[in-house]
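Colleague: Quick one: structure below, then a few questions.
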Amino acid sequence: MVAAPAHALAVDQPVTKEQDKEKEKEKQSPDEEVSPAEDLMREHGVFKRILLVYGEGVRRIDANQDLPPDPILDAAKLVRSFVEDYHEKFEENFLFPRFRMANMQIELVDVLTVQHQAGRTLIDITIKYANLSSLRDSSDKRQLRESMAEFIRMYRPHEAREDTVLFPAFRTIVSANEYDSLGEDFEKKEHELFGDDGFEKMVGRVATIEKVMGIYDLAQFTPKV
Ligand SMILES: [Fe+2]
């Protein structure tokens, strides 16, 4: 246990109030610390919105409706930079090895690792075929459709399993200190790679893509009951 500094013990009520105010300020600050699980789960939120974009892409191909390639390409590039090269790298470098060391969730971690690789292969295909000339060719268009459909099919359960099993278990295999410092490392890396408002920028990018695809307006999904 660390002893409280002498000055903190010597002055009571006013300092406590000040400290309370400081704590309150920290709570309201947008820079407030985000725990590793919250960080990873909100990144999953961005990822889920990309899956919705892909879902709309698949729906339009199936319905023979016009599909602009650019939002699909942008979404795939966002997956590459934000999900694969950043979010999944963190899972692979910081979470998965700790589970292996703790001899916990080994089978799950193995499947998740293989799926990250499969995801990369699918994104390569999506990037290759998300262009106007491929959309005019029925075989290429089918490849594009399949790459998006398979991506959605794999990542829905993948994310759900991470959110409900892996991330909660992660909290139990690291100490409170390590957990906190990992949260800081995650945030630092995010700011380094994508700027101070990196996460907000990603949300903005995905919102722009949703608008082009006509799925941004949330109210359109409310059933008329
Ligand atoms: Fe993952």
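Computed from the coordinates by the stated procedures, all read-outs in this text should not be read as laboratory data. Quick caveat: nothing in here was measured; it's all calculated off a predicted structure. Every residue, glycine among them, receives a Cβ derived from its backbone with ideal geometry; neighbour counts consider all protein chains shown.
Colleague: Considering the options Ile106, Leu78, Thr121, tell which one lies farthest towards the positive end of the dipole of region 69-125, charges being +1 on Lys and Arg and -1 on Asp and Glu at the Cβ, about the Cα centre.
Modeller: After comparing all options, I get Ile106.
Colleague: How big is D for the chain, in µm² s⁻¹ as a whole number, if Stokes-Einstein is applied with the Kirkwood radius of its Cα pairs at 37 °C and 0.692 mPa s? Provide the component values of the computation, followed by the final result.
Modeller: Values: Rh = 20.0 Å.
It diffuses with D of about 164 µm²/s by this estimate.
Colleague: What dipole magnitude, in Debye to the nearest 20, does region 35-210 give about its Cα centre under +1 on Lys/Arg Cβ and -1 on Asp/Glu Cβ?
Modeller: Numbers: 24 positive and 34 negative charges, 149 e Å.
That gives region 35-210 a dipole magnitude of about 720 debye.
Colleague: I've got another one for you. What 222 nm value per residue comes from the helices of the chain, counting each DSSP H run with n ≥ 4 as -39,500 (n - 2.57) and dividing by all residues, nearest 500 deg cm²/dmol?
Modeller: Values: 11 runs with 159 residues, N = 225.
About -23000 deg cm²/dmol.
Colleague: Here is a follow-up. So between Ser81 and Ser181, what do we pick up on full extension, going 0.36 nm a residue minus the alpha carbon distance?
Modeller: 33.6 nm
Colleague: Put +1 on the Cβ of every Lys and Arg and -1 on every Asp and Glu Cβ in the chain; which of Phe94, Val225, Thr164 then has its Cα farthest towards the positive end of the dipole?
Modeller: Val225
Colleague: What angle do you read, to the nearest 10 degrees and between 0 and 90, between the alpha-carbon axis of helix 106-129 and the longest principal axis of the chain?
Modeller: 50
Colleague: Could you list the residues of region 166-190 with an amide nitrogen less than 17 Å from a label point located 7 Å from the Cα of Glu92 in the Cα-to-C-beta direction?
Modeller: No residue passes the distance filter.
Colleague: Right, something else. To test your reading of the geometry: what angle, between 0 and 90 degrees and rounded to tens, separates the Cα axis of helix 198-213 from the longest principal axis of the chain?
Modeller: 30
Colleague: Could you work out how far helix 176-194 tilts from the main Cα principal axis of the chain, as a 0 to 90 degree angle to the nearest 10?
Modeller: Relative to the chain, helix 176-194 is tipped by roughly 50 degrees.
Colleague: Moving on. If the chain between Val165 and Glu150 were fully stretched, how many nm would it gain, using 0.36 nm times the residue separation less the Cα-Cα distance? Walk me through the numbers before you get to the answer.
Modeller: Numbers: separation 15, 0.36 × 15 = 5.40 nm, distance 2.25 nm.
Additional length available on full extension: 3.1 nm.
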